[in-house]
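Student: Got a structure for you, questions after.
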Amino acid sequence: MNVIEVEGLSKHYGDKKAIDDISFSVKKGEVFGFLGPNGAGKTTAIKVLTTLIPPTSGNVRILGHDLRKDAKHIRSRIGVVQQQESFDPGISVEVSMNLYGLLWDVPKDVRAKRIEALLKQFGLYEVKKTGDADLSMGQRRRLQVAREFLHDMDLLFLDEPTVGLDSLARRAALDFLKEKVKQGMTIFFTTHILEEAEYLCDRIAVINYGKIITIDTPQNLKRKFGQSKSVDFTLLEGSSSDLVRSVEHLDEVSKIAQDASDGAYHIMTSKPEVVIPMLYQLAEKLNLHISSIYIAEPTLEDAFIKIVQEVKA
Ligand SMILES: Nc1ncnc2c1ncn2[C@@H]1O[C@H](COP(=O)(O)OP(=O)(O)OP(=O)(O)O)[C@@H](O)[C@H]1O
Ligand SMILES: [Mg+2]
């Protein structure tokens, strides 16, 4: 079953086409990532899909319901963590959580248990009496994410939820989301942190200028758009122009360069398994010694930059 179905969706602000005729669908239990540069249209898309602003044109079904006809029902079954901060300076963490639970009609005893569990899960237990204004930026963001889990939902939208979170808090939050997905939740997620997208997302849509450029798994995006692999090695002898010349002539090698800072060589190749044995043979012939070697895989960031730049060109 498709939890999100989007067909020919556009959202214009005056002349500005913030979303420009996009179509995609998200299956139940999927983590779907929306990646794109600043101003690409991610937040606008989330606002439309969560019924906060109306679309200019197109059809959207959320959890099987028409966005224009059943907004109320949709709102009752989704959660959203917005990009913009929302906080109430006079209120403590605990009271803020409680108010949010009340807003969602969570029964008192369930509410108390959930609040305690969530405060612990999101590392907020020690600051539960602290007023919102005195929280650190990361703590405030944690609160914004944590309180969304007070109510039941089938689909959660998160707009850069981990901004300002330290590495440990970020990993804990991502693992918490993964656990929710295992229990059947579907997640629509935006981030600028590519490792995070790779860790969490089953599929990723890359968006720029309001248009979806491509949709695929992180693995396939890297395969299709990532640069070739790089074989990185150092020589005990430091450097050797003879070796560089020999390596350059190999058919499988597109480029070899030496890093000025640490003297390491980088060979760009799509076939490291062929190049590495040849490299050892050449080194032996020249009486050189390879002191370290490893293969660097293309990253999702490489792929993302390539995708976005290609469309600009
Ligand atoms: N209320 C608005 N009125 C006019 N233009 C808007 C409005 N909201 C957004 N825009 C414009 O629409 C485009 C998309 O903005 P949006 O906030 O969706 O981008 P984004 O992908 O979320 O960017 P970021 O990564 O910076 O959060 C931008 O060019 C922005 O200036
Ligand atoms: Mg945004």
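The values are calculated or read from the model by the stated rules, or taken from the named source; none is laboratory data. Fair warning: this is a prediction, and the values are worked out from it, not measured in the lab. Virtual Cβ from ideal backbone geometry, glycine too; neighbours counted across all protein chains shown. Remember, those area values only see protein heavy atoms, side chains included, never the ligands or the DNA or RNA. Shrake-Rupley method; radii C 1.70, N 1.55, O 1.52, S 1.80 Å.
Student: Return yes when residue 73 is in the same structural domain as residue 159 (by TED's automatic domain parsing), within 27 Å of residue 18 (Cα to Cα), away from ligand 2 (no atom under 16 Å from the Cβ) and touching a helix residue (DSSP H, G or I) at 6+ places or on another chain (Cβ under 8 Å) and no when it is not.
Tutor: Spelling it out, it is not the case that residue 73 is in the same structural domain as residue 159 (by TED's automatic domain parsing), within 27 Å of residue 18 (Cα to Cα), away from ligand 2 (no atom under 16 Å from the Cβ) and touching a helix residue (DSSP H, G or I) at 6+ places or on another chain (Cβ under 8 Å).
Student: When you scan segment 34-47, do you find a residue that is under 16 Å from residue 143 (Cα atoms) and among the β-branched types (Val, Ile, Thr), even just one?
Tutor: No.
Student: With the requirement that a residue be touching a residue at least 24 places away in the same chain (Cβ under 8 Å) and either open to solvent by less than 80 Å² (accessible area, probe 1.4 Å) or of a type in the set (Gly, Ala, Ser) (or both), what does segment 59-73 give you?
Tutor: Within segment 59-73, 60, 62, 63, 64 meet the criteria.
Student: Against the conditions (1) at pLDDT 95 or above; (2) under 28 Å from residue 17 (Cβ atoms); (3) open to solvent by 20 Å² or more (accessible area, probe 1.4 Å), where does residue 204 fall short? Just the number, please.
Tutor: With (1) at pLDDT 95 or above; (2) under 28 Å from residue 17 (Cβ atoms); (3) open to solvent by 20 Å² or more (accessible area, probe 1.4 Å) applied to residue 204, the lone miss is (3).
Student: Sticking with this structure for a sec: Test residue 221 against the stated conditions and say whether it is farther than 25 Å from residue 306 by Cα and of a type in the set (A, V, I, L, M, F, W, C).
Tutor: So residue 221 fails the test.
Student: Same structure, new question: Output yes when any residue across segment 272-282 is not in a helix (DSSP H, G or I) and not assigned by TED's automatic domain parsing to the domain that holds residue 192, and no when none is.
Tutor: In the first step, residues of segment 272-282 are kept if they are not in a helix (DSSP H, G or I); the result is none.
No, the conditions are met nowhere in segment 272-282.
Student: Only one of these conditions is not met by residue 134: (1) in contact with a Lys or Arg (Cβ under 9 Å, 6 or more places away or on another chain); (2) surrounded by fewer than 18 Cβ atoms within 10 Å (Cβ to Cβ). Which number is it?
Tutor: (1)
Student: If the Cβ limit is 8 Å and pairs must be 6+ apart or interchain, which residue in segment 32-45 that is more than 22 Å from residue 202 (Cβ to Cβ) pairs with which residue that is of a type in the set (D, E, K, R) and more than 8 Å from ligand 2 (Cβ to nearest atom)?
Tutor: So the pair list comes out as 44/11.
Student: Test residue 91 against the stated conditions and say whether it is open to solvent by less than 60 Å² (accessible area, probe 1.4 Å), touching a His at 6+ places or on another chain (Cβ under 7 Å) and free of Cβ contacts under 8 Å to residues at least 60 places away in the same chain.
Tutor: No; evaluated as a whole, the condition is false for this residue.
Student: For segment 256-271, what are the residues that are assigned to a loop (DSSP other than H, G, I, E, B), among the aliphatic types (A, V, I, L, M) and surrounded by 14 or more Cβ atoms within 10 Å (Cβ to Cβ)?
Tutor: Here is the first cut: in segment 256-271, the residues assigned to a loop (DSSP other than H, G, I, E, B) are 259-264, 270-271.
Filter once more, keeping what is among the aliphatic types (A, V, I, L, M): 260, 264.
If the condition is that a residue be assigned to a loop (DSSP other than H, G, I, E, B), among the aliphatic types (A, V, I, L, M) and surrounded by 14 or more Cβ atoms within 10 Å (Cβ to Cβ), then 264 is the only one that fits.
Student: I'd like the full set of residues that are among the small types (Gly, Ala, Ser) and not in a helix (DSSP H, G or I), limited to segment 283-293. Outline the logic, then answer.
Tutor: Narrowing segment 283-293 to residues among the small types (Gly, Ala, Ser): 283, 291-292.
291, 292, listed by residue number.
Student: Return yes or no: is residue 164 within 29 Å of residue 42 (Cα to Cα) and open to solvent by less than 20 Å² (accessible area, probe 1.4 Å)?
Tutor: So residue 164 fails the test.
Student: Being in contact (Cβ under 8 Å) with a residue 12 or more places away in the chain and away from ligand 1 (no atom under 16 Å from the Cβ) is the filter here; which residues of segment 153-167 pass it?
Tutor: Answer for segment 153-167, where residues must be in contact (Cβ under 8 Å) with a residue 12 or more places away in the chain and away from ligand 1 (no atom under 16 Å from the Cβ): 153, 154, 155, 156, 165, 166.
Student: Follow-up. So which of 64, 79 ends up being at pLDDT 95 or above and in contact with a helix residue (DSSP H, G or I) (Cβ under 6 Å, 6 or more places away or on another chain)? Spell out how you get there, then give the answer.
Tutor: Numbers: 64 fails: in contact with a helix residue (DSSP H, G or I) (Cβ under 6 Å, 6 or more places away or on another chain).
Criteria check complete, one pass: 79.
Student: Still on this structure, please answer the following. For segment 240-255, enumerate the residues that are part of a helix (DSSP H, G or I) and either surrounded by 15 or more Cβ atoms within 10 Å (Cβ to Cβ) or over 38 Å from the mean Cα position of the chain (by Cα) (or both).
Tutor: Across segment 240-255, the qualifying residues are 241, 242, 243, 244, 245, 246, 247.
Student: In segment 70-88, is there at least one residue being of a type in the set (A, V, I, L, M) and over 29 Å from residue 140 (Cβ atoms)?
Tutor: Taking every residue of segment 70-88 in turn, none turns out to be of a type in the set (A, V, I, L, M) and over 29 Å from residue 140 (Cβ atoms).
Student: Next question, about the same structure. Kindly list the number of the only condition in (1) loosely packed, with under 15 Cβ neighbours inside 10 Å; (2) away from ligand 1 (no atom under 15 Å from the Cβ); (3) not hydroxyl-bearing (Ser, Thr, Tyr) that fails for residue 26.
Tutor: (1)
Student: May I pose another question? Consider segment 256-298. How many of its residues are among the acidic types (Asp, Glu), over 18 Å from residue 229 (Cα atoms) and within 33 Å of the chain's Cα centre (by Cα)?
Tutor: Total meeting the criteria: 1.
Here's the yes/no breakdown for (1) open to solvent by 40 Å² or more (accessible area, probe 1.4 Å); (2) in a helix (DSSP H, G or I):
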{"position": "38", "(1), (2)": "yes, no"}
{"position": "48", "(1), (2)": "no, yes"}
{"position": "85", "(1), (2)": "yes, no"}
{"position": "105", "(1), (2)": "yes, no"}
{"position": "109", "(1), (2)": "yes, yes"}
{"position": "117", "(1), (2)": "yes, yes"}
{"position": "120", "(1), (2)": "yes, yes"}
